[in-house]
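First the structure, in the form of C-alpha cells, and then the observations on it.
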Amino acid sequence: MQSSRAEARQGQGQFAALMAVAVLLIVLLSLLPMLRLVKELVAPGGTLSAAALAAGLASRSTWIATWHTLVVGLGGTMLAVLSGTLVALLVTLTDLRRRGLLVLCYVTPLMIAPQVTALAWLQLFGPASPLLRLLGVAPPLGARNPLYSAEGIILLLGVQYGPLVFLVVRAGLRKLPRELVEAARATGAGWPRVVATVVLPLMTPSIVAAAALAFVSCVGNFGIPAFLGIPANYLVLPTLIYQRLAGGGPAALGETAFLSVLIGVIAIAGILAQETVSRRRDYRVASVSLPAEPYELGRWRMPVEACMWLFAVLVLAMPLLGLALTSLVSGYGVVLSAATATLDNYRFVLFEHAAAGRAFVNSVWLSALAATFAVVVAVPMGYLVAWGGGGRWIRLLSLAVELPYALPGVVLAIAALLLFLRPVPLVGLQLYNTPWIILYAYMARFLVLALRPAVSGYHQIDRALEEAAQVAGAGLFTRMRTIVFPLVAPAAIAGGLLIFMTALGELTVSALLWSSGSETIGVVMFSFEQGGDSGYAAAMSMITVALTFALMLLASLLAPYLPDGVLPWRD
C-alpha cells in the first residue's frame, strides 16, 4: 500500500514537473515577447505614457497603410474563400478522377514561400518574361508589370491562401451527414439545390473559420506585398514597418511597436468576427454517418476535369515554368534559346556570392534547429494537451502555444527585437544582431506546427499500453521514453518537416531580424529582386522550390505511419 502511494506521489510530481517546464517555455516563447511589445506601447520609458499611441494615430502614412492592409486582406480573403471552397466541393463531393494529384497540385503553392510565388508570377507576366518573349507575346521592354498593383497583391494572396481554405472546408465536408444529403436528393432536389440549401449551410462554421485564417494570413503577409507593392509605392502595414525599421533602426522601434500592435488588433478583430458569426446559429447535427456518395458528373465530368487541370496549370505549373526560364537567361530582356541558356545564375548564387552562400547555410541550420526543438518539445507538450485532463490550465497552455503563429509574423519579430535589444539579464547574453534572435523567433512561431500533429497522434493511440505500464509501476518519464515517444514520434517528425519547409524560405520574420552575417534565403532573394537582379533571385527561388519538393516527397514516405490530415497535400 505504501509502495502504491509512493508511486502515485512520484507520478504526480513528474507530471507537475512536466507542466512547470511547459509553462516556463510558453512564458519565454509566447507571453514574454507579447508583454514586452505592449509595454513599449503604453510605457516606453518605464512609466505610463500615451505619446507613442498618439504619434501613431496622428500619422497619415499609418492610416493609408491600414486602409491598404484592409483592402488587400479582405480582397485576398474573398478570392481565397471562393476558390478554396469551390475546389473543396468539387474534389470532395463529386466523382472527379485523379483527385489525389489534383489536391497535390492545388495545395503545393501553400508549401512554397510567398515571395517565391510573387517572384514566379512577376517573371511570368513581366515585359522581360522569357516565356512570353519565347512565344512572341511579351509586352514591350520598360512596360509596367500589371502585378505591381493592389489587384496583383489580392490575386496572389488569393492564390497563396486558397489552399488553406480548401483544407479547412474539405475537413468539414468529410463529416457531412450522408442521410441529410440523401434525404434532400430523395425529394427530387438537384445537386445545385442540395449544395445551396444543405451543404453550404452546414459548412458555414468551416467556411467562416477558413475565412478568418485566410484573413489573418493575408494581413500579416510580407513577401507578396513587398515584391508587388513596394515598387508601386503601395504600402501595407508589414511593408511600412520594414521601411521604418530599415530607415530608422532601433530608434524607430517605438513607432513600429504601435504598427505591430495595430496589425495584431486587425488580426484579432478578424478572429472575433469569425467567433461572432459562428455563434449566431446552431450548426450542430444529430449524428455523424458515412460520407455522402459522390455526385456523378456524367457528361460534365470531362469539362470539369479539364477546367480543374487548367486551373492547376495556371496557379502552379505556369508560374514555376516562368521562374525556371528566368533563372536560365543571362540578363534582363534576353530571349531564351539554346545559345543564350546558361547556368551562370545558379553558379553565382551557390559559389560566388558570399551573402547568398551564407544565406543557404543559415537557413538550413536555423530551420533544422527550429524543427528539432519543436519535435522534442511537441511530444511531452502534446501529452499534456491530449491526455492532461483538459483542465483550464491545459486549455490556456494550448492557446498560448497558438498565439505566436496566429498573430502576423511582424508582430513577433518586433516583439523579439524589443525583448533582446539589450543583453539578457543575469546571463548577459546578446541576441540582438545575431542569428540567434531569428532562431528564437522561429522556435516561438513554428512550435505549434509540430504540436498539432503530435496531439492528433495522441488522439489516435490506444492509451491502454501507457496505462498498463503505469499500473506496472513505470514512471511518467519512463512511459514517455519507452512507449509514448515511439508511437507519437512519426507524427511529430512530420510536423518537424513542415516546419523545416516553412522556415527554409521564410521572409516575414527574418526581414526584420537579420543582420550582416545572418542573412537567410528569403532576405537575399528579396535584396536581389529589389536590386534588379531577377535572374539571381529566380535561381535561388528554384533551388528553394526543389528543396521543398524533396522534403514533401520525404514526408510522403512517412504517410503510412501518420494520422490523417498531418500532410496537407495528401488526399
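See the values below:
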| read-out | value |
| --- | --- |
| Of residues in segment 334-354 being without any contact (Cβ under 8 Å) to a residue 12 or more places away in the chain and in a helix (DSSP H, G or I), the one farthest from TRP514 (Cα to Cα) | ARG347 |
| From ALA469, ALA454, residue being touching a Lys or Arg at 6+ places or on another chain (Cβ under 8 Å), over 21 Å from LEU417 (Cα atoms) and aliphatic (A, V, I, L, M) | ALA469 |
| Failed condition for LEU328, given (1) more than 27 Å from the chain's Cα centre (by Cα); (2) modelled with pLDDT under 80; (3) surrounded by 15 or more Cβ atoms within 10 Å (Cβ to Cβ) | (2) |
| Residue match in segment 459-471 (condition: out of contact with any His (no Cβ under 7 Å at 6 or more places or on another chain), modelled with pLDDT of 75 or more and under 21 Å from VAL509 (Cα atoms)) | no |
| Helices (runs of 4 or more DSSP H) enclosed by segment 502-568 - at least 1 residues per element that are outside the structural domain of VAL236 (by TED's automatic domain parsing) and over 26 Å from LEU417 (Cα atoms) | 534-557 |
| Meets criteria (assigned by TED's automatic domain parsing to the domain that holds VAL545, outside any loop (DSSP other than H, G, I, E, B) and more than 24 Å from the chain's Cα centre (by Cα)) for LEU487 | yes |
| From the options ALA128, ALA138, ALA118, ALA143, residue that is outside the structural domain of MET501 (by TED's automatic domain parsing), of a type in the set (A, V, I, L, M) and either at pLDDT 90 or above or touching a Cys at 6+ places or on another chain (Cβ under 8 Å) (or both) | ALA118 |
| Residue ranges of helices (runs of 4 or more DSSP H) in segment 71-168 with at least 2 members crowded, with 17+ Cβ neighbours inside 10 Å and polar (S, T, N, Q) | 114-125 |
| Set THR544, THR508, THR548: member being touching a residue at least 40 places away in the same chain (Cβ under 8 Å), surrounded by fewer than 23 Cβ atoms within 10 Å (Cβ to Cβ) and in contact with a Gly (Cβ under 6 Å, 6 or more places away or on another chain) | THR544 |
| Failed condition for GLY357, given (1) more than 22 Å from LEU119 (Cα to Cα); (2) small (Gly, Ala, Ser); (3) assigned to a helix (DSSP H, G or I) | (1) |
| Helices (runs of 4 or more DSSP H) wholly inside segment 384-460 that include at least 2 residues being basic (Lys, Arg) and in the same structural domain as SER30 (by TED's automatic domain parsing) | 392-406, 435-459 |
| Failed criterion for ALA186 (all others in (1) surrounded by fewer than 20 Cβ atoms within 10 Å (Cβ to Cβ); (2) in contact (Cβ under 8 Å) with a residue 60 or more places away in the chain; (3) over 24 Å from THR502 (Cβ atoms) hold) | (2) |
| Some residue of segment 527-542 being in contact with a helix residue (DSSP H, G or I) (Cβ under 9 Å, 6 or more places away or on another chain) and at positive phi | no |
| Residue within segment 223-242 that is in the same structural domain as LEU57 (by TED's automatic domain parsing), of a type in the set (S, T, N, Q), part of a loop (DSSP other than H, G, I, E, B) and surrounded by fewer than 20 Cβ atoms within 10 Å (Cβ to Cβ) present | yes |
| Condition check for ALA416: over 21 Å from VAL375 (Cα atoms) and buried (at least 17 other Cβ atoms within 10 Å of the Cβ) | yes |
| Some residue of segment 497-516 being at pLDDT below 85 and out of contact with any strand residue (DSSP E or B) (no Cβ under 8 Å at 6 or more places or on another chain) | no |
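Here's the yes/no breakdown for (1) over 30 Å from LEU447 (Cβ atoms); (2) crowded, with 23+ Cβ neighbours inside 10 Å; (3) hydroxyl-bearing (Ser, Thr, Tyr):
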{"site": "LEU310", "(1), (2), (3)": "yes, no, no"}
{"site": "ASN345", "(1), (2), (3)": "yes, yes, no"}
{"site": "PHE348", "(1), (2), (3)": "yes, no, no"}
{"site": "ALA370", "(1), (2), (3)": "no, yes, no"}
{"site": "ALA386", "(1), (2), (3)": "no, no, no"}
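The values are calculated or read from the model by the stated rules, or taken from the named source; none is laboratory data. In this text the structure is predicted, and so the values were computed from the model without any measurement. Here Cβ is always computed from backbone atoms with ideal geometry, including for glycine, and neighbour counts include all displayed protein chains.
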